[in-house]
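Contents: one structure, followed by commentary.
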Amino acid sequence: MRHLATVHRPLGLAFTACALAASLAAMPAHAADKVKVGLLSTLSGPGAALGIDIRDGFQLAVKHSGGKLGGLPAEVIVADDQQSPDAAKQTADRMIKRDRVDFMTGVVFSNIMLAVGQPVFQSKTFYISANAGPSQYAGAQCNPYFFSASYQNDNQHEAAGQTVQDKGAKKVALLAPNYPAGKDALAGFKRYFKGEIALEMYTPLNQLDYGAELSKMRASGADAVYIFLPGGLGVNFIKQFVGAGLSKDMTLYGPGFSGDEDVIRAVGDSMLGMFNTSQWSHDLDNAANRRFVADFQKEFGRMPTLYASQGYDAARLIDAAVRDAKGKLDDKDAVRKALKAARFESVRGGFKFNTNQFPIQNYYLRVISKDSQGRITNRTVGTVFKNHGDAYAAECKMPA
């Protein structure tokens, strides 16, 4: 351990040093010479496909901007959170203290986001969420340094609840993982579905065998099933649901995550006819989305998912904020103001930030079908909600 000797300075020199420090503190912010982003995501294990799509979408947006964000050279530091809150917190701490990142992004799962939030916010580093939108950060624990470029956890499920209600289902069986986003998901669904909940089940986040849950669904008398099972969880469940013959008697619904392109690739024909809800779809007809979808397929050889679109928009939001703050990244008020303005063309179409810095946006109904090329994919069939916010914004006492 190093020991620092006490040095006695003449009073005049001490006064001069204090005056210099005060003058430096009062100096205006200067433009940075580059932008550093810490992209911490799930890149291994059952949820890896989700983190990989966020990473690839983000990197594509940086490529579209010529390797820059807001006109400054961009350095993107990518790390795997291993789907572990402890590992994620340690890595976030390293990115903040050693790498001195200007922004962070990338977390998929809400339990990881809740673990990472504290060190990020304490360091006054802006976090731009490309997926996780826990109710805590939308409500009483909202924070000036947290912006969602995706959604609030309940929102897609609220749209699904409204859809299932509109389609006349009487009894619904619900299934989600037992973690914060799973609880938010089913709370959102029940906020808009007014029929009978025949069954409500929560499973471990790493569970891949759903035999017991399928037996309970069969016995429940439900005429519809609603699932929130992201990534590999949804892949396994849908295969088992169809294999058990339940699709003959029960209509399957999900949020965009459970009916996304990665799940479709893995499951195939069994996905046909499934309805799901999302704030984005690859067939939304706007210039930013057309470019994103076409270039993502060229770059990576696969259709983009909702996760990829959110990674792309997170980078575009940072790009706009750095540009509008004129590169003065140490001027936190200017950067926050620029983030709130969200002056960029989103692949989802128009949106604006609510008072809690979560999006107010449209939610669409999609159905999985075959397109003109014979591909099994999502097709947008209508709008469920227009300019929809979240249920927690009133609890957020965000400073202006």
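The values are calculated or read from the model by the stated rules, or taken from the named source; none is laboratory data. Keep in mind it's a predicted model, so treat the numbers as computed, not measured. In this analysis, Cβ positions are derived from the backbone assuming ideal geometry, glycine residues included, and neighbour counts consider all displayed protein chains. For the accessible areas, the whole protein counts, side chains as well, though only heavy atoms, and no ligand, DNA or RNA atoms are used. Shrake-Rupley method; radii C 1.70, N 1.55, O 1.52, S 1.80 Å.
The residue that is modelled with the lowest pLDDT, counting only those in segment 355-400 that are of a type in the set (G, A, S) and not in a strand (DSSP E or B), is A400.
The residue that is farthest from D330 (Cα to Cα), counting only those in segment 58-115 that are over 17 Å from the mean Cα position of the chain (by Cα) and among the acidic types (D, E), is D86. Of the candidates G349, G327, the single residue that is in contact (Cβ under 8 Å) with a residue 60 or more places away in the chain, over 25 Å from F296 (Cβ atoms) and in contact with a Leu (Cβ under 7 Å, 6 or more places away or on another chain) is G327.
Of the listed requirements (1) free of Cβ contacts under 8 Å to residues at least 12 places away in the same chain; (2) buried (at least 16 other Cβ atoms within 10 Å of the Cβ); (3) among the hydrophobic types (A, V, I, L, M, F, W, C), A400 misses just one: (2). The residues in segment 340-353 that are open to solvent by 30 Å² or more (accessible area, probe 1.4 Å), in a loop (DSSP other than H, G, I, E, B) and within 18 Å of C396 (Cβ to Cβ) can be counted, and the count is 1. If the condition is being among the aromatic types (F, W, Y) and either part of a helix (DSSP H, G or I) or closer than 20 Å to A187 by Cβ (or both), then segment 147-172 contributes only Y151.
Of the listed requirements (1) open to solvent by 10 Å² or more (accessible area, probe 1.4 Å); (2) in contact (Cβ under 8 Å) with a residue 60 or more places away in the chain, E158 misses just one: (1). For segment 228-259, the set of residues classified as buried (at least 22 other Cβ atoms within 10 Å of the Cβ) and touching a residue at least 60 places away in the same chain (Cβ under 8 Å) consists of F228, P230, G231, L233, F237, Y253, G254, P255, G256, F257, G259, listed by residue number. Could you tell me whether any residue of segment 309-316 is open to solvent by 20 Å² or more (accessible area, probe 1.4 Å) and either part of a strand (DSSP E or B) or farther than 19 Å from F257 by Cα (or both)? Scanning segment 309-316, I find at least one residue that is open to solvent by 20 Å² or more (accessible area, probe 1.4 Å) and either part of a strand (DSSP E or B) or farther than 19 Å from F257 by Cα (or both), so the answer is yes.
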